[in-house]
Amino acid sequence: MAEPNVLVERNGRVGVVLMNRPKQLNALSAELMESVVSSLGELDADPGIRAIVLGGSERAFAAGADIAELSAATPVTLYENRRLERWESIRAVRTPIVAAVSGFCLGGGCELAMLCDLIVASEDAKFGQPEINLGVLPGAGGTQRLTRAVGKAIAMDMILTGRMLSAREALAHGLVARVVAREAWLDEAKRAAAEIAEKGPVAVRLAKEAIDQAFETPLAAGVELERRSFFLARASDDAEEGLKAFLEKRKPDFTGR
Ligand code: CAA
């Protein structure tokens, strides 16, 4: 039987999805992306799961869209089959997703990591948008999300020259949240996800949504959305429990209600 192209496990409240096309450095074929999108959707629908880790292998998170597929595609098939649009459905996942990045994180791989909520990287991770070397440009959000993450100067440098950023540079420029020793890339991402999973899921999801809105709305509208989300979170059982637990000097037990 063929190896599955993603490996999914549940560690308590944390769901882990590992891309598994090692020979192609996790190049994101249509089939692999379909598995990633559907695994994330399944974990998101599971009320027992409060945070997700998405990773690859030690050698590569993902080396980009599958170049063989891209070369066989025509503009019409790319337009008709809406595969790149399907990636955007990851944005609808309400459960926070931590990208665990080791090795190459390039092209569509970098775009996929940026679709996640935060990136934990091994110190030897390499981030890049090398599409320009192929005569194309990022097609799954790279020009937009990278620019918002690192600013115009670095985005222009990476996208126009194909220069890769080291993990330390990516940290300095705000693309990644944590950089850890090579051997800790997956454990640290799981640890970050487990920290999130301990919090009240209602507040976590509302906070994720509000932060995402920071890139979509004017400041006043974003602040208004935040205020309403705060009121909504305050109405949850989790807020009753969290506030009470603090006053009673004990750990809260959040139920996600
Ligand atoms: N698609 C398909 N296959 C890929 C791939 C990709 N994106 N990246 C690597 N592979 C394959 C290689 O063809 C090779 O296969 P074979 O063993 O059958 O020859 C295997 O993975 C190992 O790769 P290398 O031998 O090249 O390994 P390396 O260590 O010498 O180099 C690398 C690693 C620098 C990542 C190099 O493989 C590389 O440059 N890959 C392409 C990166 C890239 O251009 N990504 C952008 C893709 S386009 C895109 O993503 C569009 C979009 O925005 C949606």
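When the residues of the range 12-50 are narrowed to those that are basic (Lys, Arg) and within 11 Å of the ligand (Cβ to nearest atom), which ends up nearest to residue 254 (Cα to Cα)? So the residue we want is 21. Residues in the range 212-229 that are surrounded by 12 or more Cβ atoms within 10 Å (Cβ to Cβ) and touching a residue at least 40 places away in the same chain (Cβ under 8 Å): 212 alone.
Pairs linking a residue in the range 237-256 that is of a type in the set (Ser, Thr, Tyr) to a residue that is part of a loop (DSSP other than H, G, I, E, B) and open to solvent by less than 90 Å² (accessible area, probe 1.4 Å), with Cβ atoms under 9 Å and 6 or more positions apart or on different chains, are 255/200.
For residue 72, are the conditions met, namely being out of contact with any Cys (no Cβ under 6 Å at 6 or more places or on another chain), within 16 Å of the ligand (Cβ to nearest atom) and open to solvent by 60 Å² or more (accessible area, probe 1.4 Å)? Answer is yes for this residue. The residues in the range 75-106 that are of a type in the set (Gly, Ala, Ser), open to solvent by less than 10 Å² (accessible area, probe 1.4 Å) and closer than 27 Å to residue 210 by Cα can be counted, and the count is 2. If you go through the range 230-246 one residue at a time, do you hit one that is open to solvent by 80 Å² or more (accessible area, probe 1.4 Å), closer than 30 Å to residue 61 by Cβ and not β-branched (Val, Ile, Thr)? Looking for residues that are open to solvent by 80 Å² or more (accessible area, probe 1.4 Å), closer than 30 Å to residue 61 by Cβ and not β-branched (Val, Ile, Thr), one finds none in the range 230-246, hence no. Number of residues in the range 104-128 that are without any contact (Cβ under 8 Å) to a residue 60 or more places away in the chain and touching a Phe, Trp or Tyr at 6+ places or on another chain (Cβ under 7 Å) equals 5.
The residue that is most open to solvent (accessible area, probe 1.4 Å), counting only those in the range 114-124 that are over 12 Å from residue 179 (Cα atoms) and away from the ligand (no atom under 12 Å from the Cβ), is 117. Figure legend. Inter-residue proximity from the range 10-31: first residues without any contact (Cβ under 8 Å) to a residue 24 or more places away in the chain and open to solvent by 40 Å² or more (accessible area, probe 1.4 Å), second residues within 16 Å of the ligand (Cβ to nearest atom) and not small (Gly, Ala, Ser), beta-carbon distance below 7 Å, spacing 6+ or different chains. Indicated pairs: 21/5; 21/32.
Residues in the range 32-45 that are open to solvent by 40 Å² or more (accessible area, probe 1.4 Å) and farther than 13 Å from residue 96 by Cα: 34, 38, 42.
The values are calculated or read from the model by the stated rules, or taken from the named source; none is laboratory data. Worth saying up front: this structure is predicted, and the values here are computed from it rather than measured. Heads up, the Cβs are rebuilt from the backbone with ideal geometry, glycines too, and the neighbour counts pull from every protein chain shown. Just so you know, the surface numbers come from the protein's heavy atoms only, side chains and all, with ligands and any DNA or RNA stripped out. Shrake-Rupley method; radii C 1.70, N 1.55, O 1.52, S 1.80 Å.
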